[in-house]
Amino acid sequence: MSESNRLRIAIQKSGRLSKESQKLLKGCGVKFTVNEQRLIAPSDNMPIDLLRVRDDDIPGLIMDGVVDLGIIGENVLEEEQIERQDTGKPAQYKKLRELDFGGCRLSLAVPNEFKYDNANSLEGLRIATSYPNLLRRYMKQQNINYSDCMLKGSVEVAPRAGLADGICDLVSTGATLEANGLYETDVIYRSKACLIQSTTEQSPSKQALINKLISRMNGVITARE
Ligand code: PRT
Ligand code: ZN
């Protein structure tokens, strides 16, 4: 693969981080037009290409050095890093800064009728999650045995469907838990969106462009604080 002289930035194609990521880059003076059918949105005024992908793909693209920068939820980033460390794949990245959107927490939750005293109450439960690595790390720290039920979606309905005793899922307002007759017991990870860079050495011109973007981003975020 030839080394491109354009800076590649991976952002979520569609979803909770997508609009805010685009808004932030536009605020930094990067002009581009998104064509919904296209993976790449080239900037018209800077040597930058935006890669619009599933959020789950962004950490790997950075850790494999395929793209230079990425905007991603820390939850997805950390989950992928543990997975890669465990399987011996490249797992390095540089976190350039936390961003001011995408805030949420990864929490354990159980049905309203479940009696919870402390983390030990979770001993032996089956827990549905899309974040098996973050869950395993927390349960190991707490010294609690449990079993997994891996679900990529509809995690919150697993207890009612008889698939699991509890769940480990992202929460922001708590409305989804409430609507599904669940309550939060343990916050296991707090997350925000962040800007990350691959550890591949950049050419001086690309690194200068990255530095310019970071400095503009600091200005944009400070201005809206
Ligand atoms: O298609 P793609 O794979 O790219 O997107 P996705 O469906 O995997 O992710 P998406 O767009 O739902 O979320 C992207 C990122 O946004 C997450 O990885 C988090 O970093 C961040 N984020 C912030 C959230 C939430 N808040 C959030 N509330 N991601 C998901 N949720 C879901 C949660 O899973 C639950 O279903 O919202 C529901 C709970 O919300 P409340 O407000 O009812 O508590
Ligand atoms: Zn995803």
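Some points to look at:
- Flag if ARG38 is away from ligand 1 (no atom under 13 Å from the Cβ), among the basic types (Lys, Arg) and modelled with pLDDT of 95 or more: yes
- Every residue from region 159-170 that is hydrophobic (A, V, I, L, M, F, W, C) and within 19 Å of TYR116 (Cα to Cα): ALA164, ILE167, CYS168
- Residue satisfying all of: in region 59-78; among the hydrophobic types (A, V, I, L, M, F, W, C) and either near ligand 1 (Cβ under 8 Å from one of its atoms) or part of a helix (DSSP H, G or I) (or both); farthest from GLN207 (Cα to Cα) among these: VAL76
- The condition of being of a type outside the set (Ser, Thr, Tyr), outside any helix (DSSP H, G or I) and closer than 24 Å to GLU20 by Cα holds for only one of PHE114, PHE101, that being PHE101.
- Cβ pairs under 8 Å, 6+ apart, first in region 8-31 and modelled with pLDDT of 95 or more, second within 13 Å of ligand 2 (Cβ to nearest atom) and of a type in the set (Ser, Thr, Tyr): ILE11/SER18; GLN12/SER18
- Among the residues of region 143-162, those identified as more than 16 Å from ligand 1 (Cβ to nearest atom) and surrounded by 15 or more Cβ atoms within 10 Å (Cβ to Cβ) are ILE144, TYR146, ASP148.
- Of the residues making up region 1-58, those that are closer than 25 Å to SER205 by Cβ, surrounded by 15 or more Cβ atoms within 10 Å (Cβ to Cβ) and polar (S, T, N, Q) are SER21, GLN22, SER43.
- The single residue among SER203, SER198 that is in contact (Cβ under 8 Å) with a residue 40 or more places away in the chain and within 18 Å of the chain's Cα centre (by Cα) turns out to be SER198.
- Test set (1) closer than 29 Å to ASN133 by Cβ; (2) surrounded by fewer than 19 Cβ atoms within 10 Å (Cβ to Cβ) - TYR189 fails condition number: (2)
The values are calculated or read from the model by the stated rules, or taken from the named source; none is laboratory data. Please read these numbers as outputs of a predicted model, since none were measured by experiment. Here the Cβ is made from the backbone with ideal geometry for all residues, glycine too, and neighbour counts use every protein chain on show.
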